[in-house]
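The structure appears right after this line, and notes come after that.
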C-alpha cells in the first residue's frame, strides 16, 4: 500500500513521475480515433432516428394514436 504523504511537493513529484510512464497516442492516432467516434455517433443517430420513426408509425397504425 502506498504511503500517504501530506507534502504537496512530494505529491507533484509523484504526479510528474506517473505521467512520464503514460503512453500518449500520436497526433495521427488521435485524429483517426476522433474521426471514427464521429462516424459511429452519426451512424447511431441515423439508426435511432429511423427506429423512432418506425416505432411511431407502428403505434399510429396499430393504436390509431400519435402524430
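Taking (1) surrounded by fewer than 10 Cβ atoms within 10 Å (Cβ to Cβ); (2) modelled with pLDDT of 90 or more in turn, residue 54 satisfies each apart from (1). Restricting attention to the range 1-40, the residues that are modelled with pLDDT of 95 or more and loosely packed, with under 10 Cβ neighbours inside 10 Å total 3.
The values are calculated or read from the model by the stated rules, or taken from the named source; none is laboratory data. Here the structure is a predicted model, which means the values were calculated and not measured. Ideal geometry is used to build each Cβ from the backbone, glycine not excepted, and the neighbour counts take in all protein chains shown.
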